[in-house]
Amino acid sequence: MPASNGSARFEQLVLPLLPSLYSHAFWLSRSHEEAEDVVQETISKALRAFDSFQSGTNFKAWIFRILRNTFLTSRTAIAASRTVFLEDQVDLLDVSDPSPTPEDHLLRLDNHAALTEALESLHPQLREVLLLCEVEELKYKEIAMVLDIPIGTVMSRISRARRTLHEQLRQQVGGSL
Amino acid sequence: MIQESQHLRSDQVSAYIDGELSSNEAQDLRQHLATCHSCALRIVSAMQLKAATTRVSERVVVPPEALSRLTAQLRPEAPKRPARVYPIRSWAWGALAASLIVVVSLIGWRETRQSNSLSAELLDQHLAVLSSGSSPEVVSSDRHTVKPWFQGKLPFSFNLPNALPAGTTLDGGDLTFVHGRPAALLLFTIGKHRASVFLTQRSANESAPVSLETQSGFTIHYAYTHDLRMIAVSDVNPADLDLLMTALVEAQSPR
Ligand SMILES: [Zn+2]
């Protein structure tokens, strides 16, 4: 493929993803300056590796993986050492309470601050997987590719993230129902 | 495979609402939901949570200067121009499912029990809407806003009345599922009372059994047109609810 065609196609693919890439980089690094650096480096790396991208696979997942690896090798990531791993066992014993009352399911979801706080207090690994799923709307298979983990682990992390949120928001309701 | 006696695991609930189960797995799961009120509520609750967290997790907007620099990096030959790109999430049907308040009905296999358990489930949903305090997806009293919002999101269409009965206002609308079928949920205020009206397609062989029931002080009012089934749930007095339903039914007939 002639280089110019390739780069035109690359541009077409990346341009609409800039807001997503930037936002995710910002979330990872918590800094506008570094987010821009990370996205810039991601673009360079992705362009160089574009030949290895196989059409038919998901470009967004592919470039998000590059973005994430770029971040993980950055100073901030190493300094913050946010790469601690949770134990990712699928909790098969997690059959929920067999007789929860309807009130157990009612969460106060209109409290923006409480919700934000609950999300902020999630372990970064759980928050990340939730962002990829809910905000970036990636499928589990694609998230598995971005994070380089098995799909079963994606599933249990998302589930764990939501259970944690549920518990936290339910506690905040207290007995007000 | 989900055993009848076994409740859903959290990861199954999550995978289901994310549309990640195979059609067989989803089928098994729905079979369990049909007989398990508690798991059906967990699904509803999980969907509400997902909708809420998605809403709160707004993307950080790229500062315009950064965006022009990045765009310039991408196309060195193109002239720089002011940035304009703001993230707009595409609300495809799958993603939309996330923002739904979902009603998974608990229709028993026995037909005689059908309308009762449906009413019970809709009542639960009406109460959930009232107690969650979250606003509907489309918040408007203007039928010219509310009606188009549903278009393309539902496999049927409906009309809203030109004028509502005195003292009745439209608060907004939402998408929902009733008995596994996509439904429009319209929210009204009648005087000091709230009313939820669920609209679904009427199935071909569906009879129109009861028109009115009461459960725990709430009136559940069924109305049918040629194509639609409408079910209202409210604690307002039945006569006022009837006025609203009559207006809704009349709005459907071509004139
Ligand atoms: Zn169950």
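Worth pointing out:
- Hits in the range B:25-79 - residues which are of a type in the set (Gly, Ala, Ser), in contact (Cβ under 8 Å) with a residue 40 or more places away in the chain and more than 13 Å from the ligand (Cβ to nearest atom): B:Ala51, B:Ala52
- Considering residues of the range B:211-237 that are without any contact (Cβ under 8 Å) to a residue 40 or more places away in the chain and of a type in the set (A, V, I, L, M) only, the residue farthest from B:Ala183 (Cα to Cα): B:Leu212
- Each residue in the range A:58-72 was checked for being in contact (Cβ under 8 Å) with a residue 12 or more places away in the chain, among the hydrophobic types (A, V, I, L, M, F, W, C) and more than 15 Å from A:Leu18 (Cα to Cα), and 1 of them qualify.
- Qualifying helices (runs of 4 or more DSSP H) (wholly inside the range B:1-114; at least 2 residues being away from chain A (no Cβ under 11 Å), surrounded by 15 or more Cβ atoms within 10 Å (Cβ to Cβ) and modelled with pLDDT of 90 or more): B:23-35
- Restricting the range A:131-140 to residues that are facing another protein chain (nearest Cβ under 7 Å) and part of a helix (DSSP H, G or I), the residue that is nearest to B:Asp11 (Cα to Cα): A:Tyr140
- Any hit, the range A:37-55, residues being touching a Lys or Arg at 6+ places or on another chain (Cβ under 8 Å) and more than 10 Å from chain B (Cβ to nearest Cβ): no
- Subset of the range A:5-36 [crowded, with 19+ Cβ neighbours inside 10 Å and either of a type in the set (Phe, Trp, Tyr) or more than 20 Å from A:Glu136 (Cβ to Cβ) (or both)]: A:Phe10, A:Tyr22, A:Phe26
- The range A:37-60, residues that are surrounded by fewer than 18 Cβ atoms within 10 Å (Cβ to Cβ) and among the aliphatic types (A, V, I, L, M): A:Leu47, A:Ala49
- Residue selected from the range A:143-158 under the condition within 11 Å of chain B (Cβ to nearest Cβ) and in contact (Cβ under 8 Å) with a residue 40 or more places away in the chain, by the criterion surrounded by the fewest Cβ atoms within 10 Å (Cβ to Cβ): A:Gly152
- All positions within the range A:100-130 that are more than 7 Å from chain B (Cβ to nearest Cβ), part of a loop (DSSP other than H, G, I, E, B) and either at pLDDT below 65 or over 16 Å from the mean Cα position of the chain (by Cα) (or both): A:Thr101, A:Asn111
- For the range B:5-16, a residue qualifies if it is within 15 Å of the ligand (Cβ to nearest atom) and among the hydrophobic types (A, V, I, L, M, F, W, C), and the qualifying residues are B:Leu8, B:Val13.
The values are calculated or read from the model by the stated rules, or taken from the named source; none is laboratory data. Since we're looking at a predicted model, the values are computed, not measured. Neighbour counts run over all protein chains shown; Cβ positions are idealised from the backbone, glycine included.
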